[in-house]
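Report on one structure; see the data block that follows.
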Amino acid sequence: MRLLLLEDDATLGSGLRDYLRTEGHRVDWCRTLREVAALRGEPFDALLVDWQLPDGSGLQWLRDHRAAGAVTPALMLTARDRLQERIEGLDAGADDYLVKPFAPEELVARLRAIGRRVNGGNASLRRFGPVSIDLASRSAARDGLRIELTAREWSVLEALVLRAGRIVPKQDLERLVLGFDSELASNALEVHVSALRRKLGRELIETVRGLGYRVEKPA
Amino acid sequence: MRGWRRSGAPSIRSRLAWALVAWAMVWGLSVGAAVWLVAENEVVELLDDRLKASGELVATIVAAAPEASLAAAAGNAHVTVTAPNASSDERFAWQVVGTDGALLMRSAAAPTEAWHRTATSGFTMDRDWRIYGMALAPDGRMLYAGQTLDERHEATVEVALSAALAALAVGLLGHVWLRSRVRSELRPLITLSDRLERLGVGDPHSSADMASLGPAERAELRPIHEAIEALTARLTERIANERAFSEHAAHALRTPLAGIDAQLAVAMRECPATLVDRLQRVRDGSRRLQGVVAALLGIFRSGLELERRPIDLRQLAAHLPVAGIEVHVAAGACLDGDADLLAAALVNLLDNAERHGASAIWLEAAGPRLLRVHDDGPGASPARRAELQQALDDQSYAGATGLGLMLSDRVARVHGGRLRLLDDASGFTLEIDLGSGPPSPAAPPAQPQGPGNTSPM
């Protein structure tokens, strides 16, 4: 998943960024609302938002974000733990609320839960004909045989599976998979898609000419 | 029910009401007695005047009576004069008595014996009569006018009763009026009591109406209003300061702790295998610190607001950071209390149990507001248990109890209850009493728990 982490504390922000990366997520870490503004229009799979930021309220930012029509799942990360504050956070548009201090393992589990909810199912296992993909264990199999994927291949596959049934523009897919500031060769995405087709079957990822890629909804 | 009604202290209203009843009775009796004394004298005087006037009138008539009548009377037989409309129960009578004491003439109601055989002027008393005597003529005949004592007594009683009833009526009306005045004058106190009950000191969600007592309704209450307003202002400021401090402290403490945990989690993934155990121990310590910080923040803040609500004990235990100890929760166990505070206490109790060698811990709702915690550790000797209980009872925690027991006792006390250490042959058992009082909204009923229906988390 491509995640936007909005956290001003350097120790926590860098720790979460690195931990989430070890879990295979792409993380864009912003410490201020000004930095977030520079990412306007970037596609994200989930937002991790701290309530209190040096140049404003993360909660208000989320409220404005929702008012503008954004539906990206959001998770509040905050030290505010009162019942009224939790209610306020959820009412502002957060899909989940995690009180500091928390274990990064729990954050990752909640991200998985958000991913399942977004895709309308509770199970992390998705079946596409002979191919099965387990988003929780980050594994893929064809005809019951486990297929080894590189981290980049898995990222491409996960981004498409999380948006199953929809066309994902090539440019969005590049940014989802590689993040905002990553360098990427012009044909790198085609190389990863080609590798995935070779390993999992040509029928899994469909090219919609001139628009992008699509994975059909799971069975 | 109002606090002043259930306080058990005497009520001003009922004390004043009783005082008024006593006053009305004393007033009625005193006024009745005074009226009786005055009325009796006046009535006797009035009746005597009437008797004298009647006697003089009769004397005038009898003096003009035909000589024949008197002559007939002189023949040893008296004349009985009956008035044309006289009734048989006539209570006024008269007699004419000769100089020899013989009864010469009488009214129908008068006795047939002369009241006095010797001439007696003025007022005298007979057995049943009040008599007034006067000389009729120079020949020595006497006229006696009499009035029955029953009549006189009846008149006196009538007057006295009327006066007493009037006094009683005035007393009762006065009582009712004063009682209503008392109620009306006490209403400002009741209003003040209501406002005090609704006063949201330091509550940011309270309305302006609830944040102030409003103007004093009586001059005597103004000093109380001013004192309470001043106290409220000081409390509000203090609560605001403490709230600001707790929010700042929460942010300042929780965020770095989360950062430390995240950095350690990354480090454990990136470090050589030989360092993993060491980093894990650091992380365990960091988590223990998280539990303590959360508990301390919770306890500090609980002095400001207690969020009592129904708690699913199994759900609560599922969210506790548990390492190295198996937690068993009775199925369906529910409690009524502040979930965050209870979690803070349990985190530290679990940590305590694990550090004292327990491998499993059982949580049981022994009542809607009674949590029983038992572990399979070595427990404590009766003497040590008594020492710990004494320290908890005296709240002298320093150096006497561990953090887990201290925090659990504070949590129990914040709820209005206590922490009790129970005698147990094996392991360590304690009860966290979460206080009494009305249940929180939608609080579930207590679930009866049996020892057999537990399952590990």
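The values are calculated or read from the model by the stated rules, or taken from the named source; none is laboratory data. This is a predicted model, so every value here is computed, not measured. Using ideal geometry, Cβ is built from the backbone for each residue, glycine included, and neighbour counts are taken over all protein chains shown.
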Provide a single number: the residues in the stretch B:231-259 that are without any contact (Cβ under 8 Å) to a residue 60 or more places away in the chain and more than 7 Å from chain A (Cβ to nearest Cβ).
18
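Residues that are of a type in the set (Val, Ile, Thr) and at positive phi: which strands (runs of 3 or more DSSP E) entirely in the stretch B:251-358 hold 3 or more of them? Explain how you work it out, then say what you get.
Working: elements: B:308-312, B:326-330, B:334-338.
It comes to none.
Answer yes or no: is there a residue in the stretch A:89-102 that is of a type in the set (A, V, I, L, M, F, W, C), within 11 Å of chain B (Cβ to nearest Cβ) and without any contact (Cβ under 8 Å) to a residue 12 or more places away in the chain.
Looking only at the stretch A:89-102, we keep the residues that are of a type in the set (A, V, I, L, M, F, W, C), and these are A:90, A:92, A:94, A:98-99, A:102.
With the extra rule that they be within 11 Å of chain B (Cβ to nearest Cβ), the set shrinks to A:98-99, A:102.
Add one more test, that the residue is without any contact (Cβ under 8 Å) to a residue 12 or more places away in the chain, and what stays is none.
No; the residues of the stretch A:89-102 include none that is of a type in the set (A, V, I, L, M, F, W, C), within 11 Å of chain B (Cβ to nearest Cβ) and without any contact (Cβ under 8 Å) to a residue 12 or more places away in the chain.
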Which condition from (1) modelled with pLDDT under 85; (2) under 16 Å from B:Arg141 (Cβ atoms); (3) among the basic types (Lys, Arg) is the one that B:Arg91 breaks?
(2)
Some residue of the stretch A:32-48 being surrounded by fewer than 15 Cβ atoms within 10 Å (Cβ to Cβ), within 23 Å of A:Ser155 (Cα to Cα) and either charged (D, E, K, R) or assigned by TED's automatic domain parsing to the domain that holds A:Trp154 (or both)
yes
Modelled with pLDDT under 75 and hydrophobic (A, V, I, L, M, F, W, C): is that true of B:Val96 in this structure?
no
Within the bounds of the stretch B:275-286, is there any residue that is without any contact (Cβ under 8 Å) to a residue 12 or more places away in the chain, farther than 17 Å from A:Pro101 by Cα, aliphatic (A, V, I, L, M) and more than 10 Å from chain A (Cβ to nearest Cβ)?
yes
Some residue of the stretch B:404-413 being free of Cβ contacts under 8 Å to residues at least 40 places away in the same chain and not in a helix (DSSP H, G or I):
no
